[in-house]
Amino acid sequence: MQRIAIIGTGPTGIYTLAGLIKCRRPLAITLYESRAQAGVGMPFDDKVNHPIMLANIASIEIPAPDSTYLQWLKAQGAEFLERHGVCKDDLHDRQFLPRVLLGHYFAAQLHAIVSQGIAAGHDIQIKVNTTVNDITAGQPLRLWLSTSSEPKAYDYVAIATGHEWPKAREKKPCYFPSPWSGLIHTPIPATDVGIMGTSLSGIDAAMAVAIQHGRFVESNEGKTLAFELKESSRNLRISMLSRSGLLPEADFYCPIPHEPLAVATPEAIQEAIDQGPEGLLNRVFSLMVRELTFNDPAWSSHINLHTLTPDSFTDAYYESRKKHNPFYWASHNLEEVERNKKNRHTIAWRYTLLRLHEAIEPIVPHLNHSDLTRFNQSLKRVFIDNYAAVPSESIRRLLALRQAGVIELKALGHNYELTIKETKTYISTESGTLNFDIFIDARGQRSRRIDDLPFPSLKHLLVACEGLQPPIDTDYTLQAKSDGAHRIALAALPYLMPIKPFVQGITVCAEIGDAVSKGFIRSVECYEQALSAEHEV
């Protein structure tokens, strides 16, 4: 049997395993999980997430490792779902639910896949409470583990370690480096609380704080949501902070699976890339303009799309939102998306942008330095704003907190200085200084470079040979000039972000897991064929 190690048992590791068990030849597969429970995934772990924190992905979007998310939900007991604030009778495939439920789902999927794999003749083991401290290339590959003084030998290794958040021990009494660094287990006083970031991570942090000081109450048959603040918590003030001072928009209705684009096709994008890096961004933006004009000519005319450049498109995109109070805009946007969901109506330009971000991502490694800077400062922001739309319920809760006088939004501008002290956090801006007794950094996952890898030998090898960006093939295997390195797949999302800026979410985990498993299976089958030919000779 060829020996395969998967480091990490979150969604990427699970989808990789789901692909590997399809191999016709028996494999010996070991999954390593540093925590006590396998299959949960840190973003969905109920030990670091409050039930009020919502996932922004629904069953209809989640590739099924074994059963669909909705099938699994319907198989659960009503009491279990009610403990998570979910009514079994209301379940449907476009529903946004507490993210901790996804943790239970993926844990169940992992064990179902393991059972299927063993039944198919594979040898599969899961090692929990085991950290992989190092990986050395060679024949064979070697893993150095926290539980053993001797390395374990493997033929293939998939690094599927997922998100990387600062540890709880890195926080100070007044400062949380992420919403998952002990926030939900810490009593937060009714005081001035600052939250850096207005995405779903920032909203989740605000909810985790607010729920300690009051409760959300529905009335009018669920049509109205209010927040009742405890009398003892009247001094609670939550400030959400960002450069622009804008809130994300609510998730919008669109056809799933996504329809193909008419203009910015894979062939058209590849043709633009093949013409070389000079002018690549402008060529691709021209494809964007044609695609948007084709799909939504009225909106394109409204923003004078034909006059815009990759640099000016961002201002035109945000112009209407910047003219209004962000909570006023959020209220009207919520009404619009709920009406469209009810009527199954798609806003064409929003849907086009949603599909364009995936179509355009392949150009990023080919952009020259100047165009990459332009892309990061302009189009990247638009695409992230579009695909990072949040559940309607999250917007409803923000508006309820606003109505209760608990929350506000502040624009910091592009020039500010953050200073974290032991008992306070200060932010100096061009318009003055803000200070907070509690501060939570909720800006989401940051990209990592190769020199951030937690495997010293592999890091040294890759930095010395290839620089700071991951040298990977289409199946995510490393293309380093070292014996055996091509048998290591780098499938950890933070390390892929420098060349794949939109690489996040469960659907991406599924795509990566599928590519990694198919690449390994091809190598295994080639190896077996070579052995067979040698035996015949």
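Structure above, values below:
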| read-out | value |
| --- | --- |
| Segment 194-220, subset assigned to a strand (DSSP E or B) and of a type outside the set (D, E, K, R), residue surrounded by the fewest Cβ atoms within 10 Å (Cβ to Cβ) | Ser219 |
| Restricting segment 412-452 to residues that are buried (at least 17 other Cβ atoms within 10 Å of the Cβ) and aliphatic (A, V, I, L, M), the residue that is nearest to Ile395 (Cα to Cα) | Ala442 |
| Meets criteria (surrounded by fewer than 24 Cβ atoms within 10 Å (Cβ to Cβ) and either within 17 Å of the chain's Cα centre (by Cα) or outside any loop (DSSP other than H, G, I, E, B) (or both)) for Leu73 | yes |
| The one condition in (1) in contact with a His (Cβ under 6 Å, 6 or more places away or on another chain); (2) in a loop (DSSP other than H, G, I, E, B) that Ile184 fails to fulfil | (2) |
| Among residues of segment 178-193, those that are farther than 21 Å from Glu231 by Cα and either among the polar types (S, T, N, Q) or buried (at least 16 other Cβ atoms within 10 Å of the Cβ) (or both), counted | 7 |
| Selection within segment 473-500 - touching a residue at least 24 places away in the same chain (Cβ under 8 Å), polar (S, T, N, Q) and part of a loop (DSSP other than H, G, I, E, B) | Thr474, Ser482 |
| Residue under evaluation Gly19, criteria (1) in a helix (DSSP H, G or I); (2) surrounded by fewer than 19 Cβ atoms within 10 Å (Cβ to Cβ), criterion not met | (2) |
| Lone qualifier among Ser178, Ser219, Ser201, Ser232 - being free of Cβ contacts under 8 Å to residues at least 24 places away in the same chain and more than 25 Å from Glu430 (Cα to Cα) | Ser219 |
| Single match in Ile21, Ile7 (criterion: more than 30 Å from Ala205 (Cα to Cα) and touching a strand residue (DSSP E or B) at 6+ places or on another chain (Cβ under 9 Å)) | Ile21 |
| Single residue of segment 503-526 satisfying the filter (of a type in the set (A, V, I, L, M) and assigned to a helix (DSSP H, G or I)) that is farthest from the chain's Cα centre (by Cα) | Val524 |
| Sole exception among (1) closer than 30 Å to Gly85 by Cβ; (2) surrounded by fewer than 19 Cβ atoms within 10 Å (Cβ to Cβ); (3) outside the structural domain of Gly202 (by TED's automatic domain parsing); (4) more than 20 Å from the chain's Cα centre (by Cα) for Gln403, by number | (3) |
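This table checks each residue for (1) in the same structural domain as Tyr426 (by TED's automatic domain parsing); (2) over 28 Å from Leu398 (Cβ atoms); (3) among the aliphatic types (A, V, I, L, M).
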position: Leu236; (1), (2), (3): yes, no, yes
position: Cys254; (1), (2), (3): no, no, no
position: Pro260; (1), (2), (3): no, yes, no
position: Arg283; (1), (2), (3): no, yes, no
position: Arg290; (1), (2), (3): no, yes, no
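The values are calculated or read from the model by the stated rules, or taken from the named source; none is laboratory data. These numbers were taken from a predicted model, which means no experiment stands behind them. Positions of Cβ are backbone-derived with ideal geometry, glycine not excepted, and every protein chain shown enters the neighbour counts.
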